[in-house]
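> A single structure is presented below for examination.
None of the figures in this text is laboratory data; all of them are computed from the coordinates on show. Here the structure is a predicted model, which is why all the values come from computation and not from measurement. Backbone-built Cβ (ideal geometry, glycine too); neighbour counts: all protein chains shown.
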């Protein structure tokens, strides 16, 4: 069972809001139902209420902001700490939420989406890194998976808030749901005042006593030997890595070098496939899909709400059955095949019954059912796993920059999809989903043959899977009859004067 303290801080940074939804996916998911309101369409898209290019811009500028945010994330996380970088991202997201809520034209809406994207880009980069660095190895999948659980909760809340907006009048139909983005980041900014620094960041800053205190809280144990062993291993690995990278440019160069290219490509591929699995297209443009099989208006919004429930159900299955029990690699390749099959069935049903004028509504309902199963399956296999694995792949000195590059790749792919999807749905309809059948099958082969299994290993040990040499464990040199002397590391810290006596939380 995970330490209560670890779960608490994981929920704070992954939740990002009172009332139970995760900040970043609230920012993403709420636009799906917002685009379904006629009052929003006429206010932002002109008198016809339809403008595919402008619709794409409103969706995609969020992803542009996300891409921009990733550039700042690595620098801020190393300079100011993971903790305060998350807080900064929440403040930027608040600005984005205010601009969207108060928007009087498409330009202001797009600006709000951009700022929300910047905040989300920073957060998506740093939250998995932070949680991974405060998680015990045998519980990392479940704890980082809490982020995926809050993603599902975010989609669920966003869809039902959007549905509830249909019963308001005028612009309140979409302004009230958009305003619900603000409480989340506000609570997150406040919550960051009560969580600890990452112990690995503290070691990097030579604040060893604080790092030891945080590790003791993480382990929930009074056994000083365990805490000191972990601290010694972290110190040794970070000391061995500390001379390798001194700037963002050098970090990127290192990530693209032969030594780290495999890890970089896999991290980027996993997050890009989070988009090319079809999940973001189905989420953001589900109202268009429902219209294609004959469901519009409030019925479409109601179906969106039910769709959100399936993601929560799937994430519960992941947390209590799959996380840290199923091998990471197998989860990804089996999940990719499952998604391909679900989309193929849905596409076939849409081809035969995808018309509002069809007399066979059972076929249309079956197509919707396949989308529901797809949503549940995506949550089981991917919602948590795609954030767990990339956060594990990089050594400490490249972790925040590497995750930033991976999230940047995700954002770029999201921009491409958000721009082409409205036009593709208008011109080729259900045939568009064949793209995601192909990409999911291709991903299954990549995961099976190229992705090593990372489950159950410390972040320092994972480097060995890719040919790195693990730094010698200093605690072994300190052993007397197999037991490291208590207080040894703390004493070294005190005599070196290399720590700051500050409150940890």
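> What does the highest-first list of 435-446, 171-182, 403-414 look like by mean Cβ count within 10 Å?
Taking the mean over residues of other Cβ atoms within 10 Å, the ranking is 403-414, 171-182, 435-446.
> Suppose R0 equals 60 Å; then what is the FRET efficiency for residue 352 and residue 453 from their Cβ-Cβ distance, rounded to the nearest 0.05?
With a Förster radius of 60 Å, E is 0.90.
> Taking 0.36 nm per residue of sequence separation and subtracting the Cα-Cα distance, how much length would be gained by fully extending the chain between residue 91 and residue 306, in nm to one decimal?
Stretched out fully, the residue 91 to residue 306 stretch lengthens by 74.3 nm.
> Full extension from residue 423 to residue 262: what is 0.36 nm times the residue separation minus their Cα-Cα distance, to one decimal in nm?
Difference between extended and current length: 54.5 nm.
> Taking 0.36 nm per intervening residue step and subtracting the Cα-Cα distance, what contour gain separates residue 219 from residue 461 on full extension?
This chain segment gains 85.3 nm when fully extended.
> Could you rank the peptides 266-279, 186-199, 378-391 by their average count of other C-beta atoms within 10 Å per residue, with the highest value first?
The most tightly packed comes first, giving 378-391, 266-279, 186-199.
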